[in-house]
Structures are given as structure tokens and as C-alpha cells.
Amino acid sequence: MKVYLVGGAVRDELLGRPVRERDWVVVGATPQQMLDAGYRQVGRDFPVFLHPETGEEHALARTERKTGRGYRGFELSYSPDVTLEDDLKRRDLTINAMARDADGGLIDPYGGRADLEARRLRHVSEAFREDPVRILRVARFLARYQPLGFSIAPATLARMRAMVAAGEADALVPERVWQEMDRALAEAAPEAWLRTLRDCGALARVLPELDALYGVPQPKKWHPEIDTGLHIELVLQAAADLTPEPRIRFAALMHDLGKGRTPRTSWPRHIGHEESGAQLVGEVAARLRVPNEYRELALLAARWHGLAHRAEELRPRTVLELLEACDAFRRPGRFQELLLAFEADFRGRGGWRQRPYPQADLLRKAQEKALATTLSDDEREGLTGEKIGALLRRRRLAELSKTA
């Protein structure tokens, strides 16, 4: 029985990046031998064992055989006869198909280290095309490593396109799409994830609402980039500048879905796209089973970004109504996150990345002033909840009007 460190830990160590998880492959062992050695078995599809002391995952070396469509259509085979090279060959990218032995020696049968040095994401073998999740993973890895100069090998991108054309992407289940999407949004360059899915054709399969934005024009005065799809890429880039929080980045990503439903006869104007966009956000969230905290923030961003951008010209009453609609008093922290999504939308335009966004400060100060406005116990005495709310609202409006 031999144990090897594999995958991401080897890759990140060679890149000089922090190693957060360590995965191991065990060659030459049976499940019973692992149990006899004190490992605890987990995993439904194939035996994975937790080390009795470290708790780290140890998987038996295995091979895969394609038996049907999608990422579940595989037959797995594990036995003491499966070699380390066999196991590494089934992996997606060469940079993930390296290992270290017990002495720390590098085992690199498929050129992963050379691809790291060349800053290249390249598939290991023809088996790459058998699992559509690899399309999503490559896009996510580019979102992580593009700032280091990485790109996708042309042959790998060609295989991704062929997989989409063959219908493999249609077999992706919503939970896995969301899992990869959430992780990609947390990476350094999430716009690279979006662009990659668009380039290989997968975006139209898994997120057609976003794909529909490409080729849709906007007024040049407010959108020098014109194309709405390009605008969304720039918005993601701006969101990554502003916050590492994937929930806010998701809201920024979803904010303009309604423009994909604007009739061509109305282009480049998009009257009412906020309302239709909020509806589409709800549909996407339901289909992908998006967590509620993501969905709620994205709904608010889609519905209210247009009004927020006009904050400097709004009457105090309208500012108060906007704060109320965004639940800024009961959820003040979430409103701060929403302001970041609005700012990402504003900065995500051709040449606008460094422009000031005073609207955020104006709305933030309005929120603070309204939250600081309270009623004393004497003022509440004898009033019902409804009348207390109405009086507090009048008081808040009066405070906001002082600075108008």
C-alpha cells in the first residue's frame, strides 16, 4: 500500500499559494485493508476513507468508464491493480494531475508542471469530454488563475465547445451548476468564468438569461461599452474590486437580466427592465436552488438599481420610499451590501471603473439619519403600532427634508 498527495495541494504548492486542503490517493489497497488500518469509510459512490488521526480524505486509486450522459453516467472501478498513473489520467486538467510520494518527490506523468510554468489550463486526456462538470470547473479555474496570466489551451476550449454541441451540458443538474457558480463568483476574476462559459457555448445552456444579454445594445451616453453582455462582465470585474463576498457579486451579476427581454423595436432603451429583471432573478434562483440570502439581495439589486443611480435628483419622500422598499431599516447591513452591488453596476461601464459614485454616500447618510430618528416613550404612549409607524415615518421624512 502506497499513499500519495495529489491534486490541488500539489498544484498550489508549486504555484506558491496557500494549501487549504490535502487529498490523498492510496494505491495497492483494498477497502478492508483501509478499515483494518483504522480508516473510517465515507462516500456513497466509491470508497473514500478518513485518516484516523488527521481526518484527511484518502481515496482508493480508481478508473472510470463512461456509461451514459452527464456527470453521473460513469462506472467506477477500484482495485489494488489500479496504478497512480491510471488514477491521475482520469482527472480534468494536467495541473490537477500531479502527485507527491512519501519522500516528497514529484510525480508528473502528464506535464502539469510545464503547464503551470506556461500558465496553461490543458486537459489531461480524451476522457475530459466525458464529464460536463469539467466545463464549469475549467471556467472556475480560469476565474482563479487568470490574474496570474493563465489561459485555456485552444485544444481544451475546442473540446469544451464540442461537448456543448453534443448536448453534454444539458445534462448538468441545477445543484452542481450553482455549486460551481458560487465558487467561481468568489474567485479573483469572476468575469473570466462568465466569458469562458460564453465562449464555449455553455452559458446558453445553464444560464440562458445571461446569455441573452450579449448583443443587446444600451444608450451609449450611459454605457460606452454598448453591449449589455460586455457590461455584465465589467460589472463583475468592478464587483470583484469592491468586495470578496460572492453574495454581492451574484446580485451585481443578475441586476440587468430584464434587458434581455426588451423588444428590439425599443433598443437601445430599456424602459421597465427593472421589474422584468426582478422576475427573471426569481426564476433563475428557483431553477438553480439559489440560497435565500443570495436571491433576496439579487431581487433588490434588479428592482431598484435604476432608482438608486438617480439618488442625487430624488425628492426626500422618494429616498425614504427607496429605503423602505429595500428594507434598509430592519436589515441595515444588507442595505450596505446592496449599495456595493449598485456601485458595481455604475463602475462596470467602459472607462467608468474609477469614477466616483456619490449616490452610495447619499443613500448611506440618508439611512443613518433615518435610523437615528426615534420616538420617545411619551410620544408612543396611547398609540397603536400602525400610528406609531406613521408618526415615525413622518419624523424620518422631516429629517431627510432638512438636508434636501
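Suppose the filter is touching a Ser or Thr at 6+ places or on another chain (Cβ under 7 Å), closer than 14 Å to Asp345 by Cα and at pLDDT 95 or above; does Asp241 pass it?
no
Report whether or not Val290 is closer than 29 Å to Glu175 by Cβ and assigned to a helix (DSSP H, G or I).
In short, no.
Out of Ala114, Ala155, Ala143, Ala139, which single residue is in contact (Cβ under 8 Å) with a residue 24 or more places away in the chain, surrounded by fewer than 22 Cβ atoms within 10 Å (Cβ to Cβ), not in a loop (DSSP other than H, G, I, E, B) and not basic (Lys, Arg)?
Ala155
Name the single residue, out of those in segment 210-238 being in a loop (DSSP other than H, G, I, E, B) and of a type in the set (Gly, Ala, Ser), that is farthest from Gly351 (Cα to Cα).
Going through the qualifying residues, I end up with Ala212.
One residue is enough: does segment 201-216 have a residue meeting the conditions surrounded by fewer than 19 Cβ atoms within 10 Å (Cβ to Cβ) and within 23 Å of Glu337 (Cα to Cα)?
Looking through segment 201-216, none of the residues is surrounded by fewer than 19 Cβ atoms within 10 Å (Cβ to Cβ) and within 23 Å of Glu337 (Cα to Cα).
If you check every pair at least six apart or on different chains, which have Cβ atoms under 6 Å apart with a residue in segment 36-63 that is closer than 18 Å to Gly8 by Cβ first and a residue that is assigned to a loop (DSSP other than H, G, I, E, B) and charged (D, E, K, R) second?
Listed pairs, sorted by first residue: Glu56/Arg22.
Please determine, by comparing only the residues of segment 373-404 that are without any contact (Cβ under 8 Å) to a residue 24 or more places away in the chain and touching a helix residue (DSSP H, G or I) at 6+ places or on another chain (Cβ under 8 Å), which one is surrounded by the fewest Cβ atoms within 10 Å (Cβ to Cβ).
Here the answer is Thr374.
Can you tell me which residues in segment 363-404 are under 22 Å from Ala311 (Cβ atoms) and not in a helix (DSSP H, G or I)?
If the condition is that a residue be under 22 Å from Ala311 (Cβ atoms) and not in a helix (DSSP H, G or I), then Thr373, Thr403, Ala404 are the ones that fit.
What do you reckon, is Ala127 more than 20 Å from the chain's Cα centre (by Cα), touching a residue at least 60 places away in the same chain (Cβ under 8 Å) and under 23 Å from Leu5 (Cβ atoms)?
In short, yes.
Has segment 236-254 got at least one residue that is surrounded by 17 or more Cβ atoms within 10 Å (Cβ to Cβ) and of a type in the set (Lys, Arg)?
yes
A quick yes/no check of all residues on (1) under 21 Å from Arg249 (Cβ atoms); (2) among the basic types (Lys, Arg); (3) out of contact with any Asp or Glu (no Cβ under 7 Å at 6 or more places or on another chain):
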| residue | (1), (2), (3) |
| --- | --- |
| Val284 | yes, no, no |
| Pro291 | yes, no, yes |
| Glu313 | no, no, yes |
| Thr318 | no, no, yes |
| Cys326 | yes, no, yes |
| Gln336 | yes, no, yes |
| Asp361 | no, no, yes |
| Leu375 | no, no, yes |
| Asp378 | no, no, yes |
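Which of the numbered conditions does Ala165 fail, given that it passes all the others? Conditions: (1) more than 12 Å from Ala139 (Cβ to Cβ); (2) surrounded by 15 or more Cβ atoms within 10 Å (Cβ to Cβ).
Checking Ala165 against (1) more than 12 Å from Ala139 (Cβ to Cβ); (2) surrounded by 15 or more Cβ atoms within 10 Å (Cβ to Cβ), the one that fails is (2).
Does segment 293-307 contain at least one residue that is surrounded by fewer than 16 Cβ atoms within 10 Å (Cβ to Cβ) and at pLDDT 95 or above?
yes
Out of (1) farther than 16 Å from Leu400 by Cβ; (2) surrounded by fewer than 15 Cβ atoms within 10 Å (Cβ to Cβ); (3) not small (Gly, Ala, Ser), the odd one out for Thr318 is which?
Going through the list (1) farther than 16 Å from Leu400 by Cβ; (2) surrounded by fewer than 15 Cβ atoms within 10 Å (Cβ to Cβ); (3) not small (Gly, Ala, Ser), Thr318 breaks only (1).
The values are calculated or read from the model by the stated rules, or taken from the named source; none is laboratory data. As the structure is a prediction and not an experimental result, all values here were calculated from the model. Ideal geometry is used to build each Cβ from the backbone, glycine not excepted, and the neighbour counts take in all protein chains shown.
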